[in-house]
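Heads up, the thing below is written out as structure tokens.
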Amino acid sequence: MNVWLRRYAALVRSAWLVDLQYRAAIAIWMLWNVTEPAIALGIWWSIASQGAVQGFGRDDFARYFFGVALVNQLTLAWDAWYIDRWVRDGEMNFRLARPIGPVHEAIADNIAYKARTASVVLVVWMLVALAWPVVRLPFAPGRWALFALAVALAAAIRFLNGYATGLLAFWTTRATALMELQFGISLFLSGRIAPLALLPPAVASVAGVLWFPYVLSFPVEVLTGGVVTPEQYVRGFLGQVCWLAVWWAAYRVVWRRGIRHYGAVGG
Amino acid sequence: MPAAIVAERLTKTYQVKVRDAGLGGAVRALVRPRYREVRAVEAISFQVERGEIVAFLGPNGAGKTTTLKMLTGLLYPTAGRAHVAGFTPWDGGSAFKRRIALVLGNKQQLLWDLPPEETFQLNQAIYAVPATEFQARRDELVALLDLAEVMDKPVRQLSLGERMKCELAAALLHRPEILFLDEPTLGLDVTAQEAVRGFLCAYRARHGATILLTSHYMADVTALASRVLIINRGRLLYDGALQALVARMAHTKRLELVLGDGVSREQLAAFGEVREFRFPNAVLEVPRDQATAASARLLASVPVVDLSIQDPALEDVIRRAFAEGTEGGA
């Protein structure tokens, strides 16, 4: 087996073993991440009781927010908080002394966590779909493949966005505050609280020039049938690739400069 | 053969934000931040030959750990050069990091919730150690450090001494040629300290490893190091053999006595400075060049059951070296 495959297999295995020690904490965190789309669905379900809202009926909202719960679980990015702690407490030191960059541990950690929690969300979705036909999705392997690609790109963008922001801890103690600010803004601009089509045009146009829609709304709409035409697919994937390149470049710049600026506090 | 570690005028300065106390100070720091330059390490130069064990000594904040971090590539120096195992540490990449190990006494790399074996296996993959070699090295380290009993216990349930021994084992599985140890016996009880020291000596004897360590425990220094580097306020004050430092800095000798009946403190004071007097034990301090003559006079005129001539405690010697700013070395 290739050296890097062995490394990733070992890192993912360790992350799973550690996660097993924190089963309850992970279950609560997962539940918390599902709570937000569940509340949003409850609100829009109630609003749509009088009829469709700009073309969105109750069934559309149900499918959309189930999609949000799944995609959010698959693209979550918490690395900024870890990096901030590593830099401030000196836990970055032994990671820098290893022959692999700390980013690989973070990627493996993401793979381990997301594979497990997303599979739980998928199973729950399937069980709910058995009893509640409105959240059933048509059998469309082609669309699912495109969805998988869109989710992979979205996860990569969110990861690099979070990682690059976290690396600002090399300079400032407010890196996590910046991440929380982005998280707050994404509530509206990524489609977490409402489908982007329902946002005021001014807000939707701001969202259109940022990365937020590409990390949540776009993959969800690929899955639920909101993205239909080839132009919509091309625009969506092109946007993802562009933002991936932007955050990759940001990560490289912040890493290279940050590591030179690092004070290596503590032992 | 080139030296294992070469530091040439290695310097590290930090910009530290200065803030006055109180709310006003906090607001002023926000509006008009002020910075002060702190020289953590100032133009220090030294070499460590292959297979040498060298102790880095200095009070807290002297610059020892900063130097260690520059030599392991964690920190970029502000000025100066370094070569470690033939690499420039901060540009050495993974090839360099496979040849060194860094153990930090107050930070651990062991996976806290899992048995040490899991960290060992993770390090096997990270350092790409072939399976057969890994098994042999693991077994050797487990035997040398007496770890068989703890290999299946979660790290969080191990004692501090057991954890440090596991840290050392985890850091050495890739068989590094140079070990950087920052306070490896910090907080350990005497037995655990001795176990760690014994292991380091044995490891160096078996594999010819070069060791640069920092420690506050003089017992580490005397047991392990043939040479010491003394650093204070970022400047290298002394680089040389431990015995030469003692000879240079210790202007006195200690006469440790077990006295016969009836000897008083006042009687002893005629032979030197009485540092301790707890009958029948006493310690006299006399000028180094008069130690033999003073001992002879003492034995001739006072009932003495036992007498030994000792160098002053190493702690005192080092403290004096910090205070006097000793230059050069042996």
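The values are calculated or read from the model by the stated rules, or taken from the named source; none is laboratory data. All of these numbers come straight from a predicted model, not from anything done at the bench. No Cβ is skipped: glycine too gets one built from the backbone with ideal geometry, and neighbour counts run over all protein chains shown. Areas reflect the complete protein model, heavy atoms only, side chains present, ligands, DNA and RNA absent. Shrake-Rupley method; radii C 1.70, N 1.55, O 1.52, S 1.80 Å.
The criterion of at least 1 residues that are under 18 Å from B:Ala55 (Cα atoms), in contact (Cβ under 8 Å) with a residue 40 or more places away in the chain and open to solvent by less than 10 Å² (accessible area, probe 1.4 Å) is met, among helices (runs of 4 or more DSSP H) falling completely within segment B:114-219, by B:160-172, B:190-207. Could you list, in sequence order, the residues of segment A:182-208 that are open to solvent by less than 40 Å² (accessible area, probe 1.4 Å), in a helix (DSSP H, G or I) and within 20 Å of A:Trp45 (Cα to Cα)? If the condition is that a residue be open to solvent by less than 40 Å² (accessible area, probe 1.4 Å), in a helix (DSSP H, G or I) and within 20 Å of A:Trp45 (Cα to Cα), then A:Leu196, A:Leu198 are the ones that fit.
Taken over segment A:157-192, residues that are among the small types (Gly, Ala, Ser) and touching an Asp or Glu at 6+ places or on another chain (Cβ under 6 Å) amount to 4. Against the condition surrounded by fewer than 20 Cβ atoms within 10 Å (Cβ to Cβ), within 14 Å of chain B (Cβ to nearest Cβ) and modelled with pLDDT of 90 or more, how does A:Trp248 come out, does it pass? No; evaluated as a whole, the condition is false for this residue.
Table: residues versus (1) at pLDDT 95 or above; (2) farther than 23 Å from B:Leu172 by Cβ.
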{"residue": "B:Val27", "(1), (2)": "no, yes"}
{"residue": "B:Leu57", "(1), (2)": "no, yes"}
{"residue": "B:Arg81", "(1), (2)": "yes, yes"}
{"residue": "B:Pro89", "(1), (2)": "yes, no"}
{"residue": "B:Asp113", "(1), (2)": "no, no"}
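In segment A:86-143, the qualifying residues are those that are among the polar types (S, T, N, Q) and at pLDDT below 90, and the one that is farthest from A:Trp255 (Cα to Cα) is A:Ser119. Scanning segment B:70-79 for residues that are under 16 Å from B:Gly234 (Cβ atoms), open to solvent by less than 10 Å² (accessible area, probe 1.4 Å) and modelled with pLDDT of 95 or more turns up B:Met70, B:Leu71. In segment B:47-66, the qualifying residues are those that are polar (S, T, N, Q) and touching a residue at least 24 places away in the same chain (Cβ under 8 Å), and the one that is farthest from the other protein chains (Cβ to nearest Cβ) is B:Gln47. Please tell me if A:Ala25 is of a type in the set (A, V, I, L, M, F, W, C) and either at pLDDT below 95 or buried (at least 17 other Cβ atoms within 10 Å of the Cβ) (or both). Against the criterion (of a type in the set (A, V, I, L, M, F, W, C) and either at pLDDT below 95 or buried (at least 17 other Cβ atoms within 10 Å of the Cβ) (or both)), A:Ala25 qualifies. Considering B:Glu324, B:Glu276, the condition of being within 30 Å of B:Val6 (Cβ to Cβ), among the acidic types (Asp, Glu), out of contact with any Leu (no Cβ under 8 Å at 6 or more places or on another chain) and surrounded by fewer than 16 Cβ atoms within 10 Å (Cβ to Cβ) is satisfied by B:Glu324 alone.
Taken over segment B:85-113, the criterion of being without any contact (Cβ under 8 Å) to a residue 40 or more places away in the chain, among the small types (Gly, Ala, Ser) and either buried (at least 16 other Cβ atoms within 10 Å of the Cβ) or part of a loop (DSSP other than H, G, I, E, B) (or both) is satisfied by B:Gly92 alone.
Close Cβ contacts (under 8 Å, 6 or more residues apart or on different chains) running from residues in segment B:18-44 that are within 18 Å of A:Thr172 (Cα to Cα) and not assigned by TED's automatic domain parsing to the domain that holds B:Tyr76 to residues that are of a type outside the set (A, V, I, L, M, F, W, C) and in a helix (DSSP H, G or I) comprise B:Arg19/B:Gly25; B:Arg19/B:Arg28. Residues in segment B:266-289 that are in contact (Cβ under 8 Å) with a residue 12 or more places away in the chain and outside any loop (DSSP other than H, G, I, E, B): 13 in all. Does B:Phe96 meet the test of being more than 7 Å from chain A (Cβ to nearest Cβ), modelled with pLDDT of 95 or more, under 26 Å from the mean Cα position of the chain (by Cα) and under 27 Å from B:Arg50 (Cβ atoms)? The answer is yes for B:Phe96. Is there a residue in segment B:12-30 that is open to solvent by less than 10 Å² (accessible area, probe 1.4 Å) and within 30 Å of B:Arg204 (Cβ to Cβ)? Within segment B:12-30, not a single residue is open to solvent by less than 10 Å² (accessible area, probe 1.4 Å) and within 30 Å of B:Arg204 (Cβ to Cβ). Find all pairs meeting these conditions: Cβ atoms under 6 angstrom apart; at least six residues apart or on different chains; first residue within segment A:88-104 and closer than 20 Å to A:Thr165 by Cβ and facing chain B (nearest Cβ under 8 Å); second residue basic (Lys, Arg) and part of a loop (DSSP other than H, G, I, E, B). Between residues of segment A:88-104 that are closer than 20 Å to A:Thr165 by Cβ and facing chain B (nearest Cβ under 8 Å) and residues that are basic (Lys, Arg) and part of a loop (DSSP other than H, G, I, E, B), there is no close pair.
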